[in-house]
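In what follows, a structure is listed as structure tokens, so that the remarks can point back to it.
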Amino acid sequence: MRSVMTGNYASAYGAKLARAEVIAAYPITPQTAIVEKLAEFVQTGELRAKFIPVESEHSAMAACIAAETAGARTYTATSSHGLTLMHEVLMWASGARLPIVMTNVSRAMAPPWSVWADHMDSIAQRDTGWLQFFCQSNQEVLDTIIIAYKVCESRGVMLPAMVIEDAFILSHTSEPVDVPDQELVDSFLPAYSPELKIEVGKPMGFGSLVKPDQYMEFRYKAALAMNEAHDRILRVEKEFSNIFGRDHGGLLELYKCSDADFVLVAAGSVAATAKDVVDAFRAKGSKVGLARLRAFRPFPHDEIRALASKVEGIAVLDRSYTFGAGGAMFTEVEASAYSGQKKPVMKNYIAGLGGRDITPKILGLILEDIQVAARRGAANDIEWVDVAGLPRRWR
Amino acid sequence: MTKSYEELPLTPISDTPSTMNMTGLWRVIKPVVDKSKCKKCTICWKFCPDAAIELVDGIPVVDFKYCKGCGICAHECPAKCIVMVKEGGG
């Protein structure tokens, strides 16, 4: 069924089609419409699930952890301060190896108070052991929730996943979305049946104390699982594509990169805009491309290194800033790129914080700037884009 | 004995309750109750963080399987009938 819907409704339909059995959530702008829609599905009987309203996001994740430990497929959604309040229990979900899937509507962290698009909330959770998918369209949001369950619940992975949609730009913007048939989704995604779960009459403690002589082995197992998730994403997405006819580009979507001299690396909704900008540059004969970081965890290390071996310059756009270090996407892309033989010129562009528009013009200026930087052999640096008071004009 | 990561479950599973953990083994000082001075106020019983005090006719009896010797009971006792003494005599 083809429909027009917001990113938030696409998330709700994704969770419904995946037949989430327990949904625990706390409202927060701009996420609330996701769980409102799911509550409606549960109330009308369209979705057979237990909906647990809780008093905080920490409790929402704790409820999902308990339900998942009991063998239920669980879902929640949150945003910014809600996500960061979950931080402790996000670590529990991954350490306990529970394949929970959650939508995070990526929103700025306060202060200054802001409800608009920004990746700081998601980036701040990069070390929690969750898979992270940054989506560029509402269709991708819906599809990725279904894909994420299949990837995460597979025996070799058993880790949770965060499906990230940009605040308002996706969450509240309507786009055409194909809502696949339930039977088709059921054939792709079987019911969740973990090897180990809490059972009535058989009391056990999960995630119990281990001494220093045994802790590292458990962490190593989780590390292997995240490595396995890399290949599993590619396999599951191929299977998804065969059934549903859509492919979202694996971990690193390469758009017109095969012969590109300069590439822009970006994540989230801005990547869709950047494709139009790349097309405009190509029409003028400028060999540029876009590499979209779809997965930030696991990080597409090999893909970035292969890309870096073929280009002269890489511009990395971060919609967040890690104080004292730089954009997190830049520092990680740089580490992967420079692990190879060839070292292209790289530059970090900080843009779009707190929902500021990243216009096609700005993206065009970034693609021109990285070429200038390469000609000059400029040292890698960080440029704040479109900040009032700084000398450069970006508007 | 450290197990290989391959032999381990995904997350550590415990099939015994924490009451199997004999925390009394940690103790270096122990509470000694002078029953003659006890006023049966039950404050020690309420404050014991390990629930290692039972009341017999209102008078505390310490369960040394779990008492860690933290001394909170002695500190809180208004009648000063509990004193902490070194384990192993002396």
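The values are calculated or read from the model by the stated rules, or taken from the named source; none is laboratory data. Model, not experiment: these values are computed from the prediction. Here the Cβ is made from the backbone with ideal geometry for all residues, glycine too, and neighbour counts use every protein chain on show.
A few remarks follow.
- Test: A:Asp231 is outside any helix (DSSP H, G or I), surrounded by fewer than 17 Cβ atoms within 10 Å (Cβ to Cβ), away from every other protein chain (no Cβ under 14 Å) and among the acidic types (Asp, Glu): no
- Here the condition is being free of Cβ contacts under 8 Å to residues at least 40 places away in the same chain and of a type in the set (A, V, I, L, M, F, W, C); of A:Leu196, A:Leu184, it holds for A:Leu196 alone.
- Just one residue in the set A:Ala33, A:Ala20 is hydrophobic (A, V, I, L, M, F, W, C), under 22 Å from the mean Cα position of the chain (by Cα) and either crowded, with 23+ Cβ neighbours inside 10 Å or in a strand (DSSP E or B) (or both); that residue is A:Ala20.
Conditions (1) surrounded by fewer than 20 Cβ atoms within 10 Å (Cβ to Cβ); (2) in the same structural domain as A:Trp130 (by TED's automatic domain parsing); (3) in a helix (DSSP H, G or I), marked per residue:
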site	(1), (2), (3)
A:Val42	yes, yes, yes
A:Leu47	no, yes, no
A:Ala67	no, yes, yes
A:Gly71	yes, yes, no
A:Thr76	no, yes, no
A:Gly82	no, yes, yes
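- Residue count, the range B:1-30 (criterion: at the interface with another protein chain (Cβ under 7 Å from one of its Cβ atoms) and part of a helix (DSSP H, G or I)): 1
- The single condition from (1) over 15 Å from the mean Cα position of the chain (by Cα); (2) assigned to a helix (DSSP H, G or I); (3) hydroxyl-bearing (Ser, Thr, Tyr) that A:Ser114 fails is (2).
- Check on A:Val151, within 14 Å of chain B (Cβ to nearest Cβ) and crowded, with 20+ Cβ neighbours inside 10 Å: no
- Residue check for B:Lys46: more than 8 Å from chain A (Cβ to nearest Cβ), surrounded by 12 or more Cβ atoms within 10 Å (Cβ to Cβ), within 21 Å of the chain's Cα centre (by Cα) and of a type in the set (Lys, Arg): no
- Test set (1) more than 12 Å from chain B (Cβ to nearest Cβ); (2) outside any strand (DSSP E or B); (3) more than 17 Å from the chain's Cα centre (by Cα) - A:Val177 fails condition number: (2)
- Selection within the range A:332-380 - among the hydrophobic types (A, V, I, L, M, F, W, C) and without any contact (Cβ under 8 Å) to a residue 24 or more places away in the chain: A:Ala335, A:Val372, A:Ala379
This table checks each residue for (1) loosely packed, with under 14 Cβ neighbours inside 10 Å; (2) farther than 21 Å from A:Ser106 by Cβ; (3) out of contact with any Pro (no Cβ under 8 Å at 6 or more places or on another chain).
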{"position": "A:Gly249", "(1), (2), (3)": "no, no, yes"}
{"position": "A:Lys256", "(1), (2), (3)": "no, yes, yes"}
{"position": "A:Leu264", "(1), (2), (3)": "no, no, yes"}
{"position": "A:Ala271", "(1), (2), (3)": "no, no, yes"}
{"position": "A:Ala274", "(1), (2), (3)": "no, no, yes"}
{"position": "A:Val278", "(1), (2), (3)": "no, yes, yes"}
{"position": "A:Gly285", "(1), (2), (3)": "yes, yes, yes"}
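- Scoring A:Val200 on the criteria (1) β-branched (Val, Ile, Thr); (2) within 20 Å of A:Arg97 (Cα to Cα); (3) modelled with pLDDT under 95 leaves a single failure, condition (2).
- Scanning the range A:121-166 for residues that are in a helix (DSSP H, G or I), closer than 20 Å to A:Leu98 by Cα and over 10 Å from the mean Cα position of the chain (by Cα) yields A:Ile145, A:Ile146, A:Ile147, A:Ala148, A:Tyr149, A:Lys150, A:Val151, A:Cys152, A:Glu153.
- Within the range A:81-104, tally of residues that are touching a Lys or Arg at 6+ places or on another chain (Cβ under 9 Å) and closer than 11 Å to A:Thr128 by Cβ: 2
- Some residue of the range A:180-203 being within 25 Å of the chain's Cα centre (by Cα) and within 14 Å of chain B (Cβ to nearest Cβ): yes
- For the range A:381-395, filtering for residues that are surrounded by fewer than 18 Cβ atoms within 10 Å (Cβ to Cβ) and more than 26 Å from the chain's Cα centre (by Cα) leaves 8.
- A:Phe296 falls short on exactly one of the conditions (1) under 18 Å from the mean Cα position of the chain (by Cα); (2) farther than 28 Å from A:Ala167 by Cβ; (3) more than 14 Å from chain B (Cβ to nearest Cβ), and that condition is (2).
- Criterion (surrounded by 17 or more Cβ atoms within 10 Å (Cβ to Cβ) and of a type outside the set (A, V, I, L, M, F, W, C)) met by exactly one of A:Arg219, A:Arg292: A:Arg292
- Qualifying residue in the range A:365-378 (condition: touching a helix residue (DSSP H, G or I) at 6+ places or on another chain (Cβ under 6 Å), modelled with pLDDT of 95 or more and surrounded by fewer than 17 Cβ atoms within 10 Å (Cβ to Cβ)): no
- B:Asp34 meets all of the listed conditions (1) of a type in the set (Asp, Glu); (2) loosely packed, with under 14 Cβ neighbours inside 10 Å; (3) free of Cβ contacts under 8 Å to residues at least 40 places away in the same chain but one, namely (3).
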